[in-house]
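Presented below is the structure to which this report refers.
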Amino acid sequence: MPMKSQLPRPIRLTGLAVAASLLLLAAAPAKAEEPIKVGFGMSLTGPLAANGKMSLVAMQVWEADINAEGGLLGRPVKLVYYDDQSKPAEVPAIYSKLLDIDKVDLIVSGYASTQIAAAMPVAIGKKKLLVSLFGTGINDTFKYDKYFAMIPNGPTPKPAFTRGFFKVAEAQNPKPETIALAYADAEFGQNACEGARENAQASGFKIVYDKSYPPATVDFTPIVRAIQARNPDLLVICSYPLDTVGMIKAVHEIGFKPKMWGGAMVGLQATAFKTQLGPLLNGVVNYETWLPVKSMEFPGSMELLKKYQERAAAAGTDPLGYYMPVWAYADLQVLGHAIAATKSLNDDVLAAYMRQATFKTVVGDVKFGPLGEWTEERTLAAQFQNIKGNSIDEFRDTKTEVIVYPPQFKSGEAIYPYENAMAK
């Protein structure tokens with residue numbers, strides 16, 4: 001007679017259930033790895049939104065590209081972001097939420113000096129690596145060892161914005177003698193104008209006007225009239241986008257014609273402002289950082305631009321994307337390369353690697369110095385020339401925006417004095 005199992009029936013059923021569960025687990029696909037979360041605030045509304053929105057689109061292109069390649073460390077990457085509304089006061093709470101509630105693995109900054117300066121105390125307090133997007137001299141005060149700047153201003157970031165302007169001006173014959181400086185009383189304006197003073201001294205120009213204006217200024221006519229009364233040969237303006245538009249319109253309204261003007265006016269890099277101002281831009285010499293000219297077609301840059309432009313209309317952002325997209329993409333490229341090289345998400349490990357590595361990016365080779373700035377300066381000066389109307393086609397192939405400094409990236413010659421460029 002066959003021997004019966006000595007196990008009670010309920011125990012036998014439990015054993016069968018466990019075995020069945022193990023078989024099901026073995027057959028089921030492994031749980032997907034949790035994504036690596038990269039958090040940031042970005043100006044998607046308010047006066048900085050034109051540049052913030054195009055930055056976000058490029059960052060989303062990077063996210064798609066890196067995930068198509070298998071992610072990082074065998075995990076997908078997810079961007080976690082919030083609109084800071086172009087208000088620095090909103091930034092600290094956003095980064096605290098990202099780190100304490102969303103539990104992001106890493107942080108990067110949003111666009112602009114004001115927003116980066118507001119994020120720095122949180123990053124320092126939490127001992128987090130921070131890769132910043134277009135901040136001018138932010139770490140001069142903090143001297144934080146885990147800060148890295150994605151901006152081509154080099155080891156002297158404050159003078160870099162206007163260095164090209166001064167180099168072009170001092171090469172003219174006869175050389176101009178006097179200069180006026182006007183700047184927004186905000187983080188960028190103060191820093192860029194501090195650098196302009198250094199450049200003016202180095203070039204031997206006498207400063208005959210040097211004043212700030214409140215960030216909320218809407219009528220720039222009195223400012224331009226006061227400058228005109230000093231009759232400077234040169235005018236440098238360090239401004240944010242809406243100020244830039246106001247200044248340009250005021251210069252034309254009162255017929256002020258210095259021999260050369262421009263400098264560090266944010267906004268003129270965005271297509272919306274270019275098409276709004278059109279021929280009023282002729283003759284202005286202003287900073288630039290990248291343009292799709294042959295000398296600046298770094299590996300991957302034109303492919304990124306194509307992907308960006310395919311997304312731009314749906315995102316409601318700059319249709320050309322010649323300003324922020326390459327920088328926002330490179331910002332995350334650097335972070336991604338550091339993660340892949342170190343096989344780590346540890347902020348200290350990543351910072352140590354980034355201090356000594358050279359990164360291949362869509363804006364060329366990037367190497368960081370002691371304060372996190374680039375070891376080599378590569379800020380451009382460009383002049384608007386021969387603009388006939390306000391169509392986007394005026395700016396599509398860069399024939400109306402000529403790089404005039406530095407020599408290795410030049411795409412044309414400066415028209416001087418300003419009045420001759422106006423007449424073209």
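Just so it is clear, none of the values below were taken in a lab; they were calculated from the coordinates. Because the structure is predicted, anything quoted here is derived from the model rather than measured. Note that we place each Cβ from the backbone using ideal geometry, even for glycine, and neighbour counts take in every protein chain shown.
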Inter-probe distance in nm under a simple model that places probes 7 Å from Cα toward Cβ, at E198 and D140:
0.6
R0 of 56 Å, Cβ-Cβ distance I101-N386: FRET efficiency to nearest 0.05
0.60
Does anything in segment 155-197 have its amide N under 12 Å from the 7 Å Cα→Cβ label point of R230, and if so which residues?
178-183, 197
Once amide H atoms are built 1.01 Å from N in the peptide plane, which residues 5 or more positions from E401, or in another chain, come under 5 Å H to H?
Q385
Answer rounded, prolate or oblate for segment 133-261, using the Cα gyration tensor with square roots of eigenvalues a ≥ b ≥ c: rounded when a/c is under 1.5, else prolate when a/b is larger than b/c, else oblate.
oblate
If each of E170 and A272 carries a label point 7 Å out from its Cα toward its Cβ, how far apart are those two points in nm?
3.7
For the chain, the helices passing both cut-offs (Cα extent along own axis of 18 Å or more, Kyte-Doolittle mean at least -0.5, full DSSP H runs) are 9-27, 49-68, 113-125, 157-170, 241-254, 325-342
Classify segment 82-178: rounded, prolate or oblate, from the alpha-carbon gyration tensor (a ≥ b ≥ c, eigenvalue square roots; a/c under 1.5 rounded; otherwise prolate if a/b is larger than b/c)?
prolate
For Cα extents along the principal axes in Å, with candidates (1) 119, 42, 37; (2) 63, 47, 46; (3) 89, 47, 39, the value calculated from the shown model is option (1)
When the chain is fully extended, how far beyond the present Cα-Cα distance does I254 get from D185, taking 0.36 nm per residue of separation?
22.5 nm
Karplus-derived 3J(HN,Hα), 6.51/-1.76/1.60, for each residue of segment 36-45, Hz, glycine and proline x
7, 9, 10, x, 6, x, 8, 7, 9, 9
Over the chain: helical MRE at 222 nm, DSSP H runs n ≥ 4 each giving -39500 (n - 2.57), nearest 500:
-13000 deg cm²/dmol
Going by amide H atoms built from the backbone, whose H comes under 5 Å of the H on K37, apart from near neighbours?
K78, D105, L106
Would any residue of segment 33-72 have its amide N under 11 Å from a label point 7 Å out along Cα→Cβ of K78? List them or say none.
33-38
Classify segment 31-127 as rounded, prolate or oblate, taking a ≥ b ≥ c as the square roots of the eigenvalues of its Cα gyration tensor: rounded when a/c is under 1.5, otherwise prolate if a/b is larger than b/c and oblate if not.
oblate
Using alpha-carbon positions, what is the distance between the centroids of segment 190-214 and segment 273-309, in Å?
26
